[in-house]
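Below is one structure, written out as structure tokens; comments come after it.
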Amino acid sequence: MRDSELMDAARRVRVRAYAPYSRYSVGAALLARSGAVYAGCNMENAAFSPSVCAERAAVAAAVSAGEREFEALAVAGPGEGLCAPCGVCRQTLFEFAPALRVICSRGDDMEVFTLDALLPFAFSFRALDICGER
């Protein structure tokens with residue numbers, strides 16, 4: 001699947017976001033190794049901490065369907081600025097795909113990163129094993 005097709009899927013689901021507080025609607029489309037695409041949008045809550053980011057909604061949909069291996073994620077947000085996953089989403093994605101390609105919208109354009117570049121020194125139990133902490 002081309003990056004532009006994955007980004008189109010993220011932009012399509014973005015219109016379903018529930019973002020009455022920030023008014024920052026985000027859509028995400030996660031490409032599984034199987035070729036299936038799982039979409040998610042952000043869902044805010046007045047208490048903020050129960051809110052769910054689009055990226056984690058897409059991961060939850062994929063994992064619920066039995067997927068565990070992912071190749072790419074597209075994230076689409078409003079405006080001209082770069083829309084990249086937050087730190088919590090980066091850590092969640094790292095759990096499944098440390099080398100994931102992350103395609104971020106910047107207005108009508110896209111920028112591509114690797115997850116390990118976006119989240120250097122990610123937390124993992126494997127890292128604790130290497131350090132002798134466990």
With Rg and Dmax of the Cα atoms in Å as the read-out, I listed [x] 15.0, 49; [y] 14.7, 46; [z] 16.7, 55; which label goes with the value calculated from this structure?
[y]
In whole percent, what relative contact order does the chain give with Cα contacts below 8 Å and a gap of six or more residues?
20
Over the chain, with a Gaussian network built from C-alpha contacts below 10 Å, which listed residue (G77, G66, G27) shows the highest mean-square fluctuation?
G66
Fluctuation leader among L30, L100, L73 - the chain, Gaussian network, Cα springs under 10 angstrom
L100
Over the chain, the sum of -39500 (n - 2.57) across DSSP H runs of at least four, divided by residue number and rounded to 500 deg cm²/dmol, gives at 222 nm -9000 deg cm²/dmol
Set Lys and Arg Cβ to +1 and Asp and Glu Cβ to -1, take the dipole of the chain about its Cα centre, and tell me which of A74, V102, A19 lies farthest positive.
A19
Hey, with R₀ at 30 Å, roughly what FRET efficiency would D3 and F48 work out to, going by the Cβ-Cβ distance, to 0.05?
0.40
Per-peptide average of other Cβ atoms within 10 Å, ordering 53-60, 39-46, 117-124 highest first
53-60, 39-46, 117-124
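We did not get these values from a lab; they are worked out from the coordinates using the rules stated. Predicted model only: the values in this text are computed from it and were never measured. Positions of Cβ are backbone-derived with ideal geometry, glycine not excepted, and every protein chain shown enters the neighbour counts.
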